[in-house]
Amino acid sequence: MKNFGRNFIIAFLMVLAIYQTGELWFGELSDHNFFSFFSERSTAASRDSAYILDRLIINLGDNKIVCRANGIYESEYKKVFDRAVSTAITRGSLRSGSEALNWNSILRNRCIIYEYNCVFTGAEIWDFFDIRGDNADRITPYDTIIVSPAADSSLMTVIFYNSEDSSYTAMELRDNSIIGQCFEECSIFDQEDQSIYYISSVRNGFNIFRSNEFIPHWQEESYEYSPIEPRNVLTDSAAIESNANIFFGNPAGKTLSRQNGTYTFSDETAVVKYYSTGVLEYSNYRAGDSGSTDFADNYSAAVRLIARDSFVANQYYLDSFEHNDDTYVFRFNYKINDLSVIMSQELREKTGMSSFIEVTVTKGKIDRYKKYSYRYVVSQKDTATATVDFISAVDGLYARLYRNGVTKAVDNIALCYIAGNKSFGLSWIVDIEGTPYVVDTKAGD
């Protein structure tokens, strides 16, 4: 019996060794973790949905609205909210959206709102929330999920809303314990002191917006905060080579050349270039297998690669993606203090990129990985003051663009950090008829 147990263990270790060797030689950028064969399967659902969400909006029902964008994937509250969505889809009943969505009615009560920067199909719900069932296939395209639990746990409505065309699908769940859990979990946000809080444009009668917008607002006449400072994470040849090593199965076998300030590392199937502009670019020329064309599988491959890059220091999120034939291009930006960090036009021209990280994936195989090799930190020495609120920002823009009182509806407004080559602060981005306009939060700028 002892021999049987010993032989079983030996056989088990041999299988793992063979698997790991195969991953080393043939796997797509395997992390070579001894137990990854098992852990990747048990965490597939959370990995596939990681960093897809732009932000969570929590409406407490008393015209107090809280926003969370940083640290939500490690939180317990998101696990409860995700379980509520999953339960509603799996066990709830479908209700089609025949009438216009009534934001006034929704925001009278407590609710949780998932906001994405991209439109997703109903089938992709399966991987985001680890569910199975026919209801998922019936969900129409959406970029917003609204979860409205009743205080008495009798009813919860989950709405999948498309802000681009105002269409939606709703699920109704009755008499389930998750409803009360979801309602109570919101209470933790009621205890927090917010320097910036959010208001609904619809609830507050701001008719200049085309649809409901959740707008950041500070309580005083001005808002004092710390600006953001850029830091180059690849400042010397040792750091550059260390970052390049993650893209090679055998880093010792790569070659290095340097010309006109550009470092080039390569082997038979991969090339990594680090340019003087701060851009690192990896290209993979290994022949790919016939892998999955699903969004989730390709997105998962992109996120796994970014996770391997320890030089990516800021929390990232999916800002946009393109899908052509079997190829996906995923673009990621950063979050700091629950607000987005995006590239300035100057930085876009300098790098030739529209976001801080771009990953191209074809049938689960990474074709290209490109990033701007800077991290962003909150200044410990400087302060800045925002005095231009959203009303002043829009009014000033109207005065600049139009005459004789003629105005256009605002499609979207956001408060964010716009990254440049030096320390930077907050700006408004106001979208009118598909054109984004930048308005500084400091008066006179």
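When the pairs Lys254/Lys335; Lys64/Lys370; Lys273/Lys422; Lys78/Lys254; Lys254/Lys350; Lys78/Lys350 are compared against a 32 Å limit on Cα-Cα distance, Lys254/Lys335; Lys64/Lys370; Lys78/Lys254; Lys78/Lys350 fall above it. By the Stokes-Einstein formula, at 1.306 mPa s and 10 °C, segment 145-235 with its Kirkwood radius over alpha-carbon pairs has D equal to 94 µm²/s. The amide H of Met343, built 1.01 Å from its N in the peptide plane, has Ala419 as neighbours under 5 Å, considering only residues 5 or more places off or on other chains. You can think of it this way: the chain between Ala239 and Ala313 has 25.2 nm of extra reach, that is 0.36 nm per residue less the Cα-Cα gap.
Separation of segment 301-320 from segment 99-143 is 25 Å, based on Cα centroids.
Annotation: Arg203 carries an accessible surface of approximately 90 Å², with a 1.4 Å probe and no ligand, DNA or RNA atoms counted. Based on alpha-carbon atoms, the Kirkwood radius and the radius of gyration of the chain give Rg/Rh equal to 1.00. Two tests apply to each whole DSSP H helix in the chain, Cα reach of 30 Å or more along its axis and mean Kyte-Doolittle hydropathy of at least 0.5, and the ones passing both are 2-26. Each DSSP beta bridge with both residues in the chain is either parallel or antiparallel, and the antiparallel ones are about 95%.
Along its three principal directions, the equivalent ellipsoid of segment 312-395 from the Cα gyration tensor extends over semi-axes of 30, 16, 12 Å, largest first. Ligands, DNA and RNA are left out, and with a 1.4 angstrom probe the accessible area of the chain is 48 Å² per residue. Heavy-atom accessible area, probed at 1.4 angstrom with all protein chains present, ranks Leu256, Leu318 as Leu256, Leu318, highest first. Solvent-accessible area assigned to carbon and sulfur over the chain amounts to 47 percent, based on a 1.4 Å probe.
In whole Å, what is the distance between the alpha-carbon centres of segment 51-76 and segment 166-241? When both Cα centres are located, 5 Å separates them. Relative to the current alpha-carbon distance between Tyr402 and Lys64, full extension at 0.36 nm per residue lengthens the span by 118.3 nm. Relative contact order of the chain: 15 percent, from C-alpha pairs under 8 Å at least 6 residues apart in sequence. If you model segment 286-445 as an ellipsoid using its alpha carbon gyration tensor, with each semi-axis the square root of five times an eigenvalue, the axes come out at 35, 20, 12 Å, biggest first.
Averaging over all projection directions, find the projected area of the Cα convex hull of segment 360-445 and quote it in nm² with one decimal place.
Numbers: hull surface 35.2 nm².
For the Cα atoms of segment 360-445, the hull's average projected area reads 8.8 nm².
Which of the aspartates and glutamates could be linked to Lys381 by a straight reach, that is with a Cα gap under 18 Å, when you skip same-chain ones fewer than 8 residues away? The qualifying aspartates and glutamates are Glu224, Glu229. Distance from the Cα centroid of segment 342-387 to that of segment 252-298 is 18 Å (rounded to whole angstrom).
Evaluate 2.2 N^0.38 Å with N set to the residue count of segment 179-232, then give the Cα radius of gyration divided by it. Walk me through the numbers on the way to the answer.
Numbers: Rg = 16.1 Å, N = 54, 2.2 N^0.38 = 10.0 Å.
Normalised Rg, Cα atoms only: 1.61.
Ligands, DNA and RNA excluded, the heavy atoms of Arg138 present near 130 Å² of accessible surface to a 1.4 Å solvent probe. Overall size of segment 205-252 from C-alpha positions, given as principal axis extents largest first: 63, 28, 13 Å.
The values are calculated or read from the model by the stated rules, or taken from the named source; none is laboratory data. The structure displayed is predicted, hence computed values, not measured ones. Protein only, heavy atoms only, side chains kept; ligands, DNA and RNA dropped before computing areas. Shrake-Rupley method; radii C 1.70, N 1.55, O 1.52, S 1.80 Å.
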